[in-house]
Amino acid sequence: MEAKLTELLEVELSPGLRLRDVPMQARLSEAEFSVRLPALRPADLRTLFADAADPALDPEALGRLRFQPVAGFLRGFIDLFFEHGGRYYLVDWKSNWLGDQPEDYDLPGVEAAMRAHHYALQAYLYILAADRFLAQRVPGYAYETHFGGVFYLFLRGVERDNPRRGIYRAHPPLALVEKLRALTVSPKS
């Protein structure tokens, strides 16, 4: 297990970015968040993500989720939130078993797991929470300048020498983030 953790610190998440290079004072572990949401239905999620060009996301499946319309506060915890080079990143650890072969953790397998478990929806909600947080705390905050992306690390498949394996990476376009921001605006009475 120790070897796997060392490998995790060494893998290149994006060009020039390794977790070993992020000092402790630039990290927040288990970052708690709370975002106020107006009434939200599964159909709203389908509409929101209808044009998202993310193969890890299935808008039709989101529209088939079964829950009553919810309104109130969405609370959660982001595994790791950090700053590197003036940009902010999110990391979520996943221990899912995707198969016996290393290739099972290549992008198609990772994207399939993201879709099956609705982790991409989780990632977008984390991005919304981070965006709200940064807008309140970073002077002159601009999503495209300050937000670096989100990484879902499937720990069983991450390999230092193959940084494409076991990692889902996303940096949604500003237009989608603006749609997410609109979720937090209470409807007019």
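We did not get these values from a lab; they are worked out from the coordinates using the rules stated. Bear in mind the structure is a predicted one, so any value in this text is a computation, not a measurement. Here Cβ is always computed from backbone atoms with ideal geometry, including for glycine, and neighbour counts include all displayed protein chains.
Points to keep in mind about this one:
- Subset of the stretch 91-108 (residues that are out of contact with any helix residue (DSSP H, G or I) (no Cβ under 7 Å at 6 or more places or on another chain) and over 23 Å from Leu80 (Cα atoms)): Asp100, Gln101, Pro102, Glu103, Asp104, Pro108
- Criterion applied to Arg156, Arg165 was being crowded, with 19+ Cβ neighbours inside 10 Å, assigned to a loop (DSSP other than H, G, I, E, B) and of a type outside the set (S, T, N, Q), and the one residue passing it is Arg165.
- Residues of the stretch 54-91 that are among the aliphatic types (A, V, I, L, M) and either surrounded by 19 or more Cβ atoms within 10 Å (Cβ to Cβ) or not in a strand (DSSP E or B) (or both): Ala56, Leu57, Ala61, Leu62, Leu65, Ile78, Leu90, Val91.
- Matching residues, the stretch 6-20, being surrounded by 14 or more Cβ atoms within 10 Å (Cβ to Cβ) and touching a helix residue (DSSP H, G or I) at 6+ places or on another chain (Cβ under 9 Å): Leu8, Glu10, Val11, Leu13, Arg18, Leu19
- Criterion violated by Arg132 - all others in (1) under 15 Å from the mean Cα position of the chain (by Cα); (2) part of a helix (DSSP H, G or I); (3) within 25 Å of Val11 (Cα to Cα); (4) of a type outside the set (Val, Ile, Thr) satisfied: (3)
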